[in-house]
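Here the structure comes first, spelled out in structure tokens, and everything after it is commentary.
The values are calculated or read from the model by the stated rules, or taken from the named source; none is laboratory data. Not measured: the values here are computed from a predicted model. Here the Cβ positions follow ideal geometry from the backbone for every residue, glycine too, while neighbour counts run over all protein chains shown. These accessible areas exclude ligands, DNA and RNA; they are computed on the full protein's heavy atoms, side chains included. Shrake-Rupley method; radii C 1.70, N 1.55, O 1.52, S 1.80 Å.
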Amino acid sequence: MNWAELDTPALVVDEVRMERNLARVSSSLARAGVAVRPHWKTSKCLQVAQRQLALGAVGFTCSTPAEVLALGEAGIRGLLWAHLAVGEPKVAFAVNAVRRFGITLMVDSAAVAEPLDRALSEAGLVADVLLEVDTGLGRTGVDPSVAGAVAARLGSLTSLRLRGVMTHEGHLYGFGADRAGLDAAAVASAQSLVSVAEALRAERHAIDVVSVGSTPGLAAGPYVAGVTEARPGTYVFGDGNQVRLGSCGLDECALTVLARVVSTQREGTAIIDAGSKAMSSDAVSPSAGYGTVLDLDGHPIEGVSFPRANDEHGFLTGLGTGALAVGDLVRILPHHACATVTMWSRLAAVRPDGSYEWWPVVARH
Ligand SMILES: Cc1ncc(COP(=O)(O)O)c(C=O)c1O
């Protein structure tokens, strides 16, 4: 790859690594008989979605109305809107998206479900819905102990059809380097969800979908007996957080930001042209700064870190900056791929023969 062809900063995807990540996960889950409904918030890129569909994805998980619209208008179906449709504009959007694309909705309480049910009923529509269960994150999702009561309430509604249960085991991001603890927690989350599904079936609810979703949990959660579906997002690119959690290797990370050194006025510091509008600082370890500094071959540059950023300037610091000169190119591995991609309107998908293609990043806020 002739990196100098790209103006900086640039969001770059190694297409071969990305395709390997997709293929590895889809074939492993296919062997286990588990459906994949990838979370599209990570790439927001139709070219990536097409590759995921070609590898057997049954549809996509979306966070925002913009993601639902972008995929729906591209003719893609099997969409799960995995956020709570609260407030009139969101309820109206949900009804429209059910009408246009047949999306599945998610609820975690009667307070969320009832306005949706009323609006769908007025529109003469019926939508499939999954009940979100909290298996440890403590964000949204009903506590397993009261899932039965909420499901009973859902069962009495006429325009929402309860089809399954789902969880996002985001608490796994808190396990740091304790991989054994993380895997055990992923299994516990999935088991908790399967238990809720079984209890609901005993109450005569038709629970077909038992859906777990996270990249750290991918190695263990989906393989628990009774899980029918996985919704990983970050697996497509990997990132610094996943490396730290042991979910992927550095050599599997496909997404970097290409940046150029623009100033070396102070010893021990090199300034690059990628700052806080190019990189997310959202890291599993709080002191990690803005990302891991790599050379053009993707190897970490010893003695260089990226602790600070202004909008369009990044501060690289450390003894290793002495080897960096104005004009040099570096690549930064983001901590959080999803939060980084959404800052960009396009990414360069690069291939081993040195060619590249611009892929639009759509459905940003
Ligand atoms: C509801 C839901 N499902 C799936 C995912 C995918 O998780 P990850 O990014 O760890 O792959 C997320 C991530 O935030 C989520 O919120």
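State yes or no: is Gly164 touching a strand residue (DSSP E or B) at 6+ places or on another chain (Cβ under 8 Å), surrounded by 21 or more Cβ atoms within 10 Å (Cβ to Cβ) and either under 30 Å from Ala97 (Cα atoms) or aliphatic (A, V, I, L, M) (or both)? Against the criterion (touching a strand residue (DSSP E or B) at 6+ places or on another chain (Cβ under 8 Å), surrounded by 21 or more Cβ atoms within 10 Å (Cβ to Cβ) and either under 30 Å from Ala97 (Cα atoms) or aliphatic (A, V, I, L, M) (or both)), Gly164 qualifies. Within segment 101-134, restricting attention to residues that are over 22 Å from His171 (Cβ atoms) and among the polar types (S, T, N, Q), the residue that is farthest from the ligand (Cβ to nearest atom) is Ser121. Being modelled with pLDDT of 95 or more, open to solvent by 30 Å² or more (accessible area, probe 1.4 Å), within 22 Å of the chain's Cα centre (by Cα) and closer than 24 Å to Val330 by Cα: is that true of Asp251 here? For Asp251, the condition - modelled with pLDDT of 95 or more, open to solvent by 30 Å² or more (accessible area, probe 1.4 Å), within 22 Å of the chain's Cα centre (by Cα) and closer than 24 Å to Val330 by Cα - is met. Within segment 40-77, which residues are in contact with a helix residue (DSSP H, G or I) (Cβ under 6 Å, 6 or more places away or on another chain), of a type outside the set (D, E, K, R), part of a loop (DSSP other than H, G, I, E, B) and within 13 Å of the ligand (Cβ to nearest atom)? Trp40, Thr42, Ser43 - these are the residues of segment 40-77 that are in contact with a helix residue (DSSP H, G or I) (Cβ under 6 Å, 6 or more places away or on another chain), of a type outside the set (D, E, K, R), part of a loop (DSSP other than H, G, I, E, B) and within 13 Å of the ligand (Cβ to nearest atom).
Matching residues to (1) open to solvent by 20 Å² or more (accessible area, probe 1.4 Å); (2) modelled with pLDDT under 95; (3) within 25 Å of Lys41 (Cβ to Cβ):
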residue	(1), (2), (3)
Pro144	yes, no, no
Ala184	yes, no, no
Glu198	yes, no, no
Val224	yes, no, yes
Glu229	no, no, yes
Pro232	no, no, yes
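Within segment 78-100, if we keep just the residues that are open to solvent by 10 Å² or more (accessible area, probe 1.4 Å) and among the small types (Gly, Ala, Ser), the residue that is nearest to the ligand (Cβ to nearest atom) turns out to be Ala82.
Exactly one residue out of Gly327, Gly322 is more than 26 Å from Tyr173 (Cα to Cα), outside any loop (DSSP other than H, G, I, E, B) and open to solvent by 20 Å² or more (accessible area, probe 1.4 Å), and it is Gly322. Restricting attention to segment 192-224, the residues that are within 17 Å of Val142 (Cβ to Cβ) and either under 23 Å from the mean Cα position of the chain (by Cα) or among the aromatic types (Phe, Trp, Tyr) (or both) total 8.
Check whether at least one residue in segment 213-231 is assigned to a helix (DSSP H, G or I) and away from the ligand (no atom under 15 Å from the Cβ), and report yes or no. Give the derivation first.
Filtering segment 213-231 for residues assigned to a helix (DSSP H, G or I) gives 216-219, 221-223.
After this cut, where a residue has to be away from the ligand (no atom under 15 Å from the Cβ) as well, the list is 223.
Yes, because at least one residue in segment 213-231 is assigned to a helix (DSSP H, G or I) and away from the ligand (no atom under 15 Å from the Cβ).
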